[in-house]
Amino acid sequence: MATKREKQLEVALKEANLQLAKTHLRAFEAAKESRRTQGWYTRNGGPNADIRQAWSLLVRRHQDLVDSNPWASRAVQVITNNWVSDGIIGSPVGGSRRYADAWNEWADSVECDFHGKLNWYGLQALICRTVAVRGSCLIRRRMDDTLASMGMAPLRLQVMEPDMLDFGKDDGSRIKFGKQYAENGRLEGYWIRTNHPGETEWNGIRIDSEFVPASEILHTYEVRRPNQAIGVPFGAPILLHLRDIDDITTAM
């Protein structure tokens, strides 16, 4: 005859099995055709095929909201501050005072910026903001011997929006979003436009592109899927909700 303890264990085991069965059913509920999934259209596209169809319009709408919606603008500001705050400070390995002084001179000067507008810390904030708003950012290393004659590191950084990639060069295989890959899948380089399309498309000027080796460019973005070649704006999942909130507050 079972003891009281054994009966309690038996009841507990049955309850555990029941909960496990319910959890298992819930885990696959989204795969069933039911009232809750009615009208839920999905496609099993590749990591770049899905982005390719939506990227341009998604980025334009996201940029518009960030420029005009105070909540979207504030969100990007908070993201940027959390990433770099006042700027990530470099520290040369070895502790040499000479190298530290050389680094600080370069980082504190606008000479590190190809366009001569921002110092190293300002560039960090610009890069973070560009990634958050437009999904990714291109940073090109430009060697300049004139800086060496000034006693500084001969390097300037050119920060570019992802629109500078030549999307016209895209075969879905060896070239994706203007990024060229070898047969083994390794990145070889980038096809970079000579001008931003948003600055010249209005007057019909043809925009050429040049091939730049991968060693000269850093393309930074959040990789969410394997082999993803470009990023998407951070606010993409809530873009419509932000627009609805904006419309509601405007109508009040």
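The values are calculated or read from the model by the stated rules, or taken from the named source; none is laboratory data. Everything numeric in this text was worked out from a predicted model, so none of it was measured. Quick reminder, even Gly has a Cβ in these numbers, built from the backbone with ideal geometry, and neighbours come from all protein chains shown. Ligands, DNA and RNA are stripped out before the accessible areas are found, and what is left, the full protein with its side chains, is counted by its heavy atoms. Shrake-Rupley method; radii C 1.70, N 1.55, O 1.52, S 1.80 Å.
Here are the numbers:
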read-out: Segment 241-252 - residue that is among the hydrophobic types (A, V, I, L, M, F, W, C) and open to solvent by 60 Å² or more (accessible area, probe 1.4 Å) and, of those, nearest to Glu188 (Cα to Cα); value: Ile245
read-out: Close pairs from segment 52-71: first over 16 Å from Asp247 (Cβ atoms), partner open to solvent by 40 Å² or more (accessible area, probe 1.4 Å), Cβ under 7 Å, at least 6 apart; value: Val66/Ser73
read-out: Residue within segment 27-48 that is modelled with pLDDT of 90 or more and under 30 Å from Ala132 (Cβ atoms) present; value: yes
read-out: Check on Arg97, open to solvent by 20 Å² or more (accessible area, probe 1.4 Å) and closer than 18 Å to Ile217 by Cβ; value: no
read-out: Subset tally (residues that are hydrophobic (A, V, I, L, M, F, W, C) and assigned to a loop (DSSP other than H, G, I, E, B)) for segment 196-252; value: 8
read-out: Filter result (closer than 21 Å to Pro162 by Cα and of a type in the set (Val, Ile, Thr)) within segment 98-145; value: Ile127, Thr130, Val131, Val133, Ile139
read-out: Scan of segment 54-72 for residues that are under 17 Å from Ser136 (Cα atoms) and not hydrophobic (A, V, I, L, M, F, W, C), ordered by number; value: Ser56, Arg60, Arg61, His62, Gln63, Asp64
read-out: Residue match in segment 205-217 (condition: among the hydroxyl-bearing types (Ser, Thr, Tyr), modelled with pLDDT of 95 or more and in contact with a Leu (Cβ under 8 Å, 6 or more places away or on another chain)); value: no
read-out: Residue in segment 219-240 that is open to solvent by 70 Å² or more (accessible area, probe 1.4 Å) and closer than 21 Å to Arg140 by Cα present; value: yes
read-out: Members of segment 148-165 that are outside any strand (DSSP E or B), of a type in the set (A, V, I, L, M, F, W, C) and without any contact (Cβ under 8 Å) to a residue 40 or more places away in the chain; value: Ala148, Met150, Met164
read-out: Per-region count, segment 179-194, residues open to solvent by 20 Å² or more (accessible area, probe 1.4 Å) and either more than 18 Å from Ile139 (Cβ to Cβ) or in a strand (DSSP E or B) (or both); value: 11
read-out: Contacts under 7 angstrom Cβ, first residue in segment 212-239 being aliphatic (A, V, I, L, M), partner open to solvent by 50 Å² or more (accessible area, probe 1.4 Å), 6 or more apart; value: Ala214/Leu187; Ala214/Glu188; Leu239/Arg61
read-out: Qualifying residues in segment 100-127 (those that are small (Gly, Ala, Ser) and within 13 Å of Ala153 (Cβ to Cβ)) - the one most open to solvent (accessible area, probe 1.4 Å); value: Ala102
read-out: Search result, residues across segment 48-59 that are within 21 Å of Ser173 (Cβ to Cβ) and either open to solvent by 30 Å² or more (accessible area, probe 1.4 Å) or of a type in the set (Asp, Glu) (or both); value: Ala49, Asp50, Arg52, Gln53, Ala54, Ser56
read-out: Single unsatisfied condition, Ala107 versus (1) in contact with a helix residue (DSSP H, G or I) (Cβ under 7 Å, 6 or more places away or on another chain); (2) assigned to a loop (DSSP other than H, G, I, E, B); value: (2)
read-out: Candidates Met152, Met164, filtered to the one that is buried (at least 17 other Cβ atoms within 10 Å of the Cβ), of a type outside the set (Val, Ile, Thr) and at pLDDT 95 or above; value: Met164
